[in-house]
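The structure appears below as structure tokens.
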Amino acid sequence: MKKHFIPLLAAICVLTVVSSAFAHFMVLYTPEIALDEGRDLDVRVLFSHPAEAGHMMDMGGVQEFYVVKQRGDATAKKVDLKKYLKEITWSNPHASAPAFSALIPKKEIRSMGDYVFVMKPGYYFEKEEDLYMQQITKLILNVGGIPGNWADPVGLPCEIVPLIKPYGMWVGNVFKAQVLSDGKPVAGAEVEVEYMSHMPNLNTNSMPAKSSVEYPHDAFVTQTIFSDVNGYITFGVPKAGWWGFAALGVGPEKEYKGKELGQDAVIWVKAEDMK
Amino acid sequence: MKKMMIVLTLAAMVAFAGQAFAHSPLMSCFDNGDGTITCEGGFSDGSSASGVKMHIQDGEGTSILETKMNEDSECSFAKPASAYVVIFDSGEGHTVELNGADIVE
């Protein structure tokens, strides 16, 4: 018994250490972000480790959920979407947690143009590190091909502002963006990058156990890049699908309930294969 | 023959120059459900469609209404009683045509 127990204990320790190395990611998801015309939009909000369909976390509710839409150079309009949120349970193979769904009706997504969705969750307490986390998340969608405000800062406490249309990327394109805190560029920001290798299933509100990627080493699960002296990040996109970027601890708020707070800026982008 | 070549070359240059600007015209229209139609226009480079001519024609191509996109690149009009077509006309090679039957709520 003892002989078997020690390797088991060692394995558990290793697993624990390895899993804590994976990144936390707020996921703001809808299957398509380059639409030909307006339609009802099925959205999910969850807090997980998307590269491995891993641990699920309670995001602490949603503080803000809205869209800033703009067609061409017309005035941008902000529309609150909180009323469409419904609490659900999101289940991954080995974990589940409270999450949200939203069916945003066509009347909100009717016009051509850009739609910059913003989701500001509550606070998540990370016991292992004794700190709070809050990931302010953006997702940018286009209807009909008329661009708008995709490259404009929303004015969030912290955000990642793309320099390439985030809904119009080919595989092999470089995702370039600027990390901002209180509107100012953040030099040397640590940015984690994850691929959505377990595609969310909106019917079952879950991620499947099977991964679309074989990771040769832990360093490939969550890649780490840094912003340059002017706050710019660059990342060559190697595979079609969803890529998440999280700039860690760049937000101006540093404390919550007497504990350290890490306020992160997250953006999700999607690349397509050239066929 | 030489003249012909020059004309063709010029024509090709003009055609390709147009492509280089990469601003295709775009329009979508909605039935507002209250007897009116709203059309929104623009270009793929985000530039304004304000002032672009709008032709609303009946099934035979006869003009029902001649109007323009307003400063927000929008245009609203009473829904024609029978078959109609909406044409967004920003110049030759830059038109978009929508059949009234495809314009829904």
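The values are calculated or read from the model by the stated rules, or taken from the named source; none is laboratory data. Given the structure is predicted, the values throughout are model-derived calculations rather than measurements. Neighbour counts run over all protein chains shown; Cβ positions are idealised from the backbone, glycine included.
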Options B:VAL14, B:VAL104, B:VAL52, B:VAL7: the member that is at pLDDT 95 or above and β-branched (Val, Ile, Thr) = B:VAL52
Considering the stretch A:110-166, residues that are over 14 Å from the mean Cα position of the chain (by Cα) and of a type in the set (Phe, Trp, Tyr), and then whichever is surrounded by the most Cβ atoms within 10 Å (Cβ to Cβ), we arrive at A:TYR115
Residue in the stretch A:103-117 that is over 30 Å from A:ASP218 (Cβ atoms), more than 14 Å from every other protein chain (Cβ to nearest Cβ) and of a type in the set (Lys, Arg) present | no
Take A:VAL154 and decide whether it is in a loop (DSSP other than H, G, I, E, B), away from every other protein chain (no Cβ under 14 Å), among the hydrophobic types (A, V, I, L, M, F, W, C) and closer than 23 Å to A:VAL68 by Cα.
-> yes
Every residue from the stretch B:35-66 that is away from every other protein chain (no Cβ under 14 Å) and in a strand (DSSP E or B) = B:THR36, B:LYS53, B:MET54, B:HIS55, B:ILE56, B:GLN57, B:ASP58, B:SER63, B:ILE64, B:LEU65, B:GLU66
Give me the pairs: first residue in the stretch B:67-82 and over 13 Å from B:SER28 (Cβ atoms) and away from every other protein chain (no Cβ under 14 Å), second residue polar (S, T, N, Q) and surrounded by fewer than 17 Cβ atoms within 10 Å (Cβ to Cβ), beta-carbon distance under 9 Å, and six or more apart or on different chains, which are they?
-> B:PHE77/B:THR36; B:PHE77/B:THR38; B:PHE77/B:THR67; B:ALA78/B:THR36; B:LYS79/B:ASN32; B:LYS79/B:THR36
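Of the residues that sit in the stretch B:83-105 and are in a loop (DSSP other than H, G, I, E, B) and over 14 Å from the mean Cα position of the chain (by Cα), which one is farthest from the other protein chains (Cβ to nearest Cβ)?
B:ALA83
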A:LYS176 vs. criteria surrounded by 17 or more Cβ atoms within 10 Å (Cβ to Cβ) and either in a strand (DSSP E or B) or within 14 Å of another protein chain (Cβ to nearest Cβ) (or both) | no
Got at least one residue in the stretch A:75-89 being in contact (Cβ under 8 Å) with a residue 40 or more places away in the chain and within 14 Å of chain B (Cβ to nearest Cβ)?
-> yes
